[in-house]
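The values are calculated or read from the model by the stated rules, or taken from the named source; none is laboratory data. These figures come from a predicted structure and were not determined experimentally. Cβ atoms come from the backbone with ideal geometry, glycine included; neighbour counts cover every protein chain shown. Quick note on the areas: whole protein, heavy atoms, side chains included, nothing else; ligands and nucleic acids left out. Shrake-Rupley method; radii C 1.70, N 1.55, O 1.52, S 1.80 Å.
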Amino acid sequence: MEVRLILGDQLNEEHTWFIEPNNHVCYVMFEMRQETDYVRHHVQKIVAFFAAMRTFARKLEEDGHTVIYYTIDDPNNTHNLTKNIEKVLELLGATSFAYQLPDEFRLDKQLKEFSNSLDIKVEACDTEHFLTSRTELAEFYEGKKALVMEFFYRYMRKKHQYLMVDGQPEGGSWNYDKFNRNTWKGGAIPPPYQPDKALAKEIYNQVAAAKIDTIGTFDPTSFLFAVSREESLKQLDYFCDHLLQDFGTYQDAMHQDETNLFHARISFSLNVKLISPGEVIDRAIATYRNRETISLSQIEGFVRQILGWREYIRGLYWKEMPKYKQKNELNNFGKLPDFYWTGKTNMNCLKTSITNSLENAYAHHIQRLMITGNFALLLQTHPDEVDQWYLGIYADAVEWVQLPNTRGMSQYADGGILATKPYVSSGSYVNKMSNYCSNCSYDKKKRTGENACPFNSLYWNFLDDKREELKGNNRMGMMYNLLGKIKPEELAEIKARAYEIIENPDAF
Ligand code: FAD
Ligand code: SF4
């Protein structure tokens with residue numbers, strides 16, 4: 001008998017493992033405290049993972065496969081991965097053990113060490129999900145200093161022949177990013193796809209009974225995670241049919257009353273592998289070919305996220321781990337404010353983005369990058385604190401994708417491996433890209449004084465404090481020129497205001 005392990009983010013029905021049932025194979029899946037407790041997760045994240053795992057196990061059984069599944073309240077469950085596997089191996093008298101390579105370094109190490117301790121045959125295979133191997137990005141950038149995503153993206157376009165005509169990018173340009181920066185001025189947006197929630201409601205009660213320490217709230221109306229392959233494909237089709245036509249244009253926009261705007265909401269399904277990046281791109285491109293309403297800049301903007309960013313981030317994680325997790329090149333040591341767990345702040349952009357996150361276990365990219373991430377960096381928060389928050393609060397957060405996005409893109413803690421400069425801004429960027437400032441008690445234009453927007457003083461103070469760390473960065477030259485034009489007396493006032501905020505952010 002062979003025991004095959006399926007982790008919670010390895011729900012790939014299309015994997016060659018499942019081509020046909022085999023009486024000599026038993027699949028094992030476990031809901032464990034090891035996974036629910038290594039960081040404080042959003043309750044919807046735990047519910048979504050368990051619901052997707054249970055749906056997957058049921059489907060395997062319906063297809064004739066044998067499955068042993070330990071629920072969170074199963075008395076057989078030791079809540080430790082390797083102890084659970086040992087238990088099943090012994091129970092079945094297994095002669096071999098197989099697993100799919102985990103995407104997370106922590107689990108990869110745990111399973112490697114465990115496998116070495118076994119005296120039966122062990123096999124580790126690919127998850128058959130990504131469009132690149134673990135090492136492909138490292139090989140692509142071998143010998144190069146800067147890991148600019150755009151070059152990897154072009155390589156991927158050519159390799160997979162997406163949006164290519166006779167060896168050239170369709171339309172003549174690789175990238176239509178300049179068309180992707182519009183603000184949303186209001187109007188009707190198709191409501192988000194509502195997947196089936198019956199199982200999620202049931203599991204929520206079990207998670208509550210298990211007394212797992214969680215963040216956020218569970219309300220079935222705001223639970224938008226598809227937990228089966230069938231529902232994930234419907235959610236993807238809904239996006240292609242109704243939202244893709246405006247995706248690129250409003251990709252960077254934020255709005256007080258619109259949590260989802262034109263975003264796909266498919267990251268959970270993708271990250272647990274209910275759907276694959278290849279099929280997401282194929283379906284989106286097929287819709288583009290059939291609809292005149294979808295322009296090249298919309299589809300290119302979407303393909304870039306999946307084919308470019310997602311694969312790039314994954315390759316970077318495997319290239320740089322485990323040292324990446326320790327990086328703190330800007331020497332930041334602060335704490336995150338308490339309001340990151342409550343949303344109780346007078347700063348409207350933060351209040352809205354954090355409340356959205358607590359209610360939905362979701363925020364779109366620019367809320368993550370330019371509101372919560374930007375503010376954490378301006379406060380000079382330790383990247384460990386920031387990582388823990390992002391890893392916990394979003395249902396799509398799995399370390400391989402969360403860590404480079406947070407520590408690299410958002411906190412610049414890797415010193416510029418991923419981003420060419422820190423993503424920091426004053427209130428003027430927030431005002432340009434959203435309507436948050438017009439609903440805020442702070443004055444977006446003021447740098448000092450009681451009602452001055454906190455982002456403004458923090459921004460100039462950050463530049464001043466990080467002169468040493470950023471002095472070699474040519475892309476910051478213009479910002480430092482502007483900083484140089486602020487009179488010393490005014491800069492002193494700005495810094496005094498900034499330190500008032502840094503010392504007690506929860507008062508703002
Ligand atoms: P859309 O905006 O509709 O984009 C479509 C898809 O593109 C996404 O589903 C995602 O699979 C992919 N994509 C877009 N940008 C990225 C990116 N930068 N990295 C990887 N994939 C991308 N994404 C996660 O999946 N998990 C995380 O834990 C995560 N943490 C993040 C933390 C920070 C600080 C930041 C700035 C970004 C993070 N992202 C993360 C990337 C991005 O914000 C989410 O993928 C996106 O918001 C998911 O929502 P969506 O499906 O509606 O995406
Ligand atoms: Fe945020 Fe400042 Fe705008 Fe208020 S004024 S919403 S704090 S950027």
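Convex hull volume of the Cα atoms in region 336-463, per residue, in Å³?
99
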Kindly provide the Kirkwood hydrodynamic radius of region 243-401 in Å, to one decimal, from all pairs of distinct alpha carbon atoms.
17.2
Once neighbouring chains are kept in place and the probe is 1.4 Å, which whole percent of the accessible area of region 217-284 is contributed by carbon and sulfur?
42
Within region 354-508, what whole-number % of the accessible surface is contributed by carbon and sulfur, with the 1.4 Å probe and all protein chains included in the calculation?
49
Determine the per residue accessible area of region 416-508 with all protein chains present and a 1.4 angstrom probe, expressed in square angstrom.
52
Can you give the FRET efficiency for Thr448 and Gln326, using 1/(1 + (r/R0)^6), R0 = 41 Å, r = Cβ-Cβ distance, to the nearest 0.05?
0.65
Give the distance, in whole Å, between the Cα centre of region 428-477 and the Cα centre of region 185-239.
35
Could you rank the peptides 458-464, 425-431, 21-27 by their average count of other C-beta atoms within 10 Å per residue, with the highest value first?
458-464, 425-431, 21-27
Fraction of antiparallel bridges per DSSP, the chain only, in percent to nearest 5:
10
Name the residues of region 408-428 whose amide N is less than 11 Å from a point 7 angstrom out from the Cα of Asn474 along the C-beta direction?
none
Just to be sure I understand: if I project the alpha-carbon convex hull of region 1-118 onto a plane and average over all orientations, what area do I get in nm²?
7.2
Expressed in angstrom and ordered largest first, the alpha-carbon extents of region 393-500 along the principal axes are 44, 37, 24
Please compute the per residue accessible area over region 218-340 with all protein chains in place, 1.4 Å probe, rounded to a whole number of Å².
34
Give the percent of DSSP beta bridges with both residues in region 1-117 that are antiparallel, rounded to the nearest 5.
0
Å² of accessible area per residue within region 33-107, as computed with a 1.4 Å probe and no ligands counted
39
Spin-label pair Leu91/Lys432, simplified geometry with 7 Å Cα→Cβ offset, distance in nm:
5.8
Sites Glu123 and Ala286, calculated FRET efficiency, Cβ-Cβ separation with R0 45 Å, nearest 0.05
0.80
Starting from the Cα coordinates of the chain, work out the convex hull volume and express it per residue in Å³.
155
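Carbon and sulfur atoms: what percent of the 1.4 Å accessible area of region 22-160 do they account for?
With neighbouring chains kept in place, the figure for region 22-160 is 51 percent.
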Gap separating the Cα centres of region 321-336 and region 85-105, nearest whole Å:
34
Highest mean packing first, using Cβ neighbours within 10 angstrom, the peptides 346-352, 276-282, 111-117, 298-304 sort as 298-304, 346-352, 276-282, 111-117
Sorted by chain and then number, the residues having a modelled amide H within less than 5 Å of the amide H of Trp184, at least 5 places away or on another chain, are Met254
Restricting to DSSP H runs of at least four residues, report the calculated mean residue ellipticity at 222 nm for the chain, -39500 (n - 2.57) per run over all residues, nearest 500 deg cm²/dmol.
-12000 deg cm²/dmol
Highest average packing first - 331-342, 483-494, 3-14, Cβ atoms within 10 Å
3-14, 331-342, 483-494
Hey, can you grab everything whose amide H is under 5 Å from the amide H of Val67? Only 5+ residues off in sequence or another chain; H modelled, so Pro and N-termini drop out.
Tyr27
